[in-house]
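The values are calculated or read from the model by the stated rules, or taken from the named source; none is laboratory data. Quick caveat, the model's predicted, so the values are computed rather than measured. Reconstructed Cβ throughout: ideal geometry from the backbone, glycine too, with neighbour counts over all protein chains shown.
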Amino acid sequence: MIGVFLVILIAILMIGIGYAIASSTVGRETAQRNLRRTTLLIPLGFVLAIGLNSLGKYAFIICNFLFAAYVSLWILTWNWRKRKAGVLLLDAGRISARKLTFWCGVFEGLLAILKTWSAISQISTGLPSSTNMVEVISQLILYWSLAILLLSTGLSRLELRENGICYMFSTVKWGKLTSYKWSEENTNVVTIGFKSPRFPLARKSFSLSIPSAYRDAVDRILAEHLMMA
């Protein structure tokens with residue numbers, strides 16, 4: 001349980017840092033909207049962690065391996081999924097808002113290295129009777145998978161393609177988007193609206209800070225596929 005509370009404490013710290021960065025990159029209004037949504041997800045994550053803890057350590061082990069498999073599949077199939085999005089219309093480069101994700105990945109990578117070193121030391125001296133090899137390996141897999149996920153998404157590029165927008169290893173088809181609006185507070189920030197989500201906590205829109213050099217090109221492509229809000 002101490003580990004769970006530590007993770008939650010770190011998550012709250014990262015949310016605070018993320019809010020500060022978002023305020024400076026996409027504007028205070030968008031940052032507050034993202035903060036409200038993230039805040040609602042924290043209790044859900046807390047309940048999930050307690051639920052898994054009540055099922056015993058093997059539930060965590062299974063979840064660690066499933067998460068690693070998902071991350072591996074998600075990243076390895078990206079080029080194939082990107083090709084399905086059609087011809088590249090514009091590569092707008094890396095978005096400044098993803099810098100936090102990248103540095104979280106660096107932090108997680110350093111933590112994974114420390115955990116790996118600690119595990120090697122434990123194995124060489126003998127594991128405690130309450131810990132088995134599979135449990136140690138699953139924890140290392142979780143740390144490394146999370147580091148790879150954060151680093152990959154932090155380095156991802158924004159691409160506008162024939163069939164949709166490719167961003168953070170995901171493709172959003174044009175048909176799922178409804179409108180776009182440029183911020184008055186920051187003229188390089190565009191908010192793109194989705195169709196009504198199926199789930200209450202799902203995003204209804206996302207905001208991107210477009211590099212100045214690509215703003216006009218992005219506006220032209222969005223105008224061809226969407227309506228102004």
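Matching residues to (1) over 30 Å from residue 188 (Cβ atoms); (2) among the polar types (S, T, N, Q); (3) surrounded by 19 or more Cβ atoms within 10 Å (Cβ to Cβ); (4) under 19 Å from the mean Cα position of the chain (by Cα):
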position	(1), (2), (3), (4)
80	yes, no, no, no
90	no, no, no, no
95	no, no, yes, yes
112	yes, no, yes, yes
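May I ask you to list the residues in the stretch 181-191 that are modelled with pLDDT of 80 or more, more than 16 Å from residue 166 (Cα to Cα) and of a type in the set (S, T, N, Q)?
Hits for the stretch 181-191 are 183, 187, 188.
Counting just the residues of the stretch 192-229 that are modelled with pLDDT under 85 and of a type in the set (Ser, Thr, Tyr), which one comes out farthest from residue 91 (Cα to Cα)?
196
So, in the stretch 88-136, of the ones that are small (Gly, Ala, Ser) and closer than 17 Å to residue 60 by Cβ, which residue ends up modelled with the lowest pLDDT?
130
Consider the stretch 69-78. How many of its residues are surrounded by 13 or more Cβ atoms within 10 Å (Cβ to Cβ) and either under 18 Å from residue 173 (Cβ atoms) or in the same structural domain as residue 174 (by TED's automatic domain parsing) (or both)?
Qualifying residue count for the region: 2.
Would it be correct to say that residue 89 is in a strand (DSSP E or B) and either of a type in the set (D, E, K, R) or out of contact with any Ser or Thr (no Cβ under 7 Å at 6 or more places or on another chain) (or both)?
For residue 89, the condition - in a strand (DSSP E or B) and either of a type in the set (D, E, K, R) or out of contact with any Ser or Thr (no Cβ under 7 Å at 6 or more places or on another chain) (or both) - is met.
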